[in-house]
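Participant: Below is a structure I'd like to ask you about.
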Amino acid sequence: MKKRIIAAVLAGMLIVSAGGCGNGTASSGNAVDNSNGMATESSAGQAIASARQDENADADTKEGGVTALSLMQEVNTGDEQIIDDNYRTWYEVFVYSFFDSDGDGIGDLNGLTEKLDYINDGDPATDTDLGCNGIWLMPVMPSTTYHKYDVTDYCDIDPEYGTMDDFKNLIAACHERGINVIIDLVMNHTSSQHEWFKTAADYLKNLPEGAEPDASECPYVDYYNFSKEMQGGYSKLDGTDWYYEAQFWSEMPDLNLGSQAVRDEFDKIVHEDQKDLPPLDREEVLEYVHTSGSTVIAKKGATFYAVAVSVCRLCSLLLAASDTIVSVSTMLHGEYGIEDVCLSTMASIGPNGVKRIVRVPLTEEETEKLHASANALKDVIAQIDL
């Protein structure tokens, strides 16, 4: 009630202020003194009376049914609606400026390890740390710049930050404290000093005049987007009449993510440390997927938040200036041998909608199950009277 009265008074004052900037008259006969911008008491009084009338109307509505306000109050009260956020409090670390352990003026991995207790000391009973249970590392791979977003080697650590052993020690220390770690793996572009780009550039510089690049001779020419025409976001390749895409900076050439060879490269990079892990329990994953929806509903009472977040995410992708690969439901036109049905697949999405479907390698068993899902969906659609 108090909130409504306060809101009404503020609204009345806003109307008065607007009137003070006008011709000296106000609606409903409420006099306004333009010399000092003050309204007569009748304006505020009528606003308060109106708020009280609205409050009574709400009370009457509650007796006969549920109001939007009461519904929201019901949804947002009760222990079952409280989401446990303890698993997703992350701390982003720019190693370069975090903490210098060796006195060279540059932050390093050992410095971060030394100061982990500031982020989380691993003891829930203490209140001297931030309590974060996740660290997001900005790029730590070898690079020619301070920000490290121009990677020259995806499988090593920048010497300014330390060694691979230092990195492994950091991960171990984090896990001892219950801290998860993710890293910023830059897959949109490389450094112009990456061996992939240097090899491609040398190949084009030595290409006979009039000859077209041949990926069988130099696979890396397909790793980037080269063109004979100058386009927006392209830079000139010195010593040639070729241009290459580099949307951020000429020293960070964009990768051709449409190339299967590039995607295979990153697949190998990402899974290099997983080759010794035990095989994935697919039945366990299947069970988790089947039951996760009901688990979410049991804890939150609904799933409309997820739908809203998904819609916002898709809208942001459609308005973005570049394409992004995400999982989205889209019409299949022969991919995986499936036609005329929408299934959730990996797809490249941008300003023009779904640009292409990114085919993920499937086993024979997985392909059979995907076909079974498509056929089941088609059977349901066939029963709909359109």
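Participant: What are the pairs with Cβ atoms under 8 angstrom where one residue, in segment 317-329, is without any contact (Cβ under 8 Å) to a residue 12 or more places away in the chain and surrounded by 15 or more Cβ atoms within 10 Å (Cβ to Cβ) and the other, located anywhere, is hydroxyl-bearing (Ser, Thr, Tyr) and not in a strand (DSSP E or B)? Sequence gap at least six, or different chains.
Facilitator: none
Participant: Does segment 201-232 hold any residues that are modelled with pLDDT of 90 or more and either on the phi > 0 side of the Ramachandran plot or of a type in the set (Val, Ile, Thr) (or both), and which are they?
Facilitator: Answer for segment 201-232, where residues must be modelled with pLDDT of 90 or more and either on the phi > 0 side of the Ramachandran plot or of a type in the set (Val, Ile, Thr) (or both): just Val221.
Participant: Looking at Asp254, Asp214, Asp222 in this structure, which one is of a type in the set (Asp, Glu), touching a residue at least 60 places away in the same chain (Cβ under 8 Å) and outside the structural domain of Met346 (by TED's automatic domain parsing)?
Facilitator: Unique residue meeting the criteria: Asp254.
Participant: Same structure again: For segment 235-263: of the residues being over 23 Å from the mean Cα position of the chain (by Cα) and acidic (Asp, Glu), which is surrounded by the most Cβ atoms within 10 Å (Cβ to Cβ)?
Facilitator: Among those that are over 23 Å from the mean Cα position of the chain (by Cα) and acidic (Asp, Glu), it is Glu245.
Participant: When segment 279-329 is examined, which residues are found to be of a type in the set (D, E, K, R) and not in a helix (DSSP H, G or I)?
Facilitator: Asp281, Asp323
Participant: When you look at Lys198, is it free of Cβ contacts under 8 Å to residues at least 24 places away in the same chain and under 15 Å from Asp150 (Cβ atoms), yes or no?
Facilitator: yes
Participant: I would also like to ask the following. In contact (Cβ under 8 Å) with a residue 12 or more places away in the chain and surrounded by fewer than 20 Cβ atoms within 10 Å (Cβ to Cβ), is that true of Gly232?
Facilitator: Answer is no for this residue.
Per-residue answers, yes or no, for (1) at pLDDT 80 or above; (2) farther than 30 Å from Phe226 by Cβ:
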position: Val262; (1), (2): yes, no
position: Glu287; (1), (2): yes, yes
position: Ala302; (1), (2): no, yes
position: Val307; (1), (2): yes, yes
position: Cys315; (1), (2): yes, yes
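Participant: Among the listed residues Leu343, Leu370, Leu362, Leu377, which satisfies the condition of being touching a Cys at 6+ places or on another chain (Cβ under 9 Å), surrounded by 11 or more Cβ atoms within 10 Å (Cβ to Cβ) and touching a residue at least 12 places away in the same chain (Cβ under 8 Å)?
Facilitator: Sole residue among the options that is touching a Cys at 6+ places or on another chain (Cβ under 9 Å), surrounded by 11 or more Cβ atoms within 10 Å (Cβ to Cβ) and touching a residue at least 12 places away in the same chain (Cβ under 8 Å): Leu377.
The values are calculated or read from the model by the stated rules, or taken from the named source; none is laboratory data. Here the structure is a predicted model, which is why all the values come from computation and not from measurement. Virtual Cβ from ideal backbone geometry, glycine too; neighbours counted across all protein chains shown.
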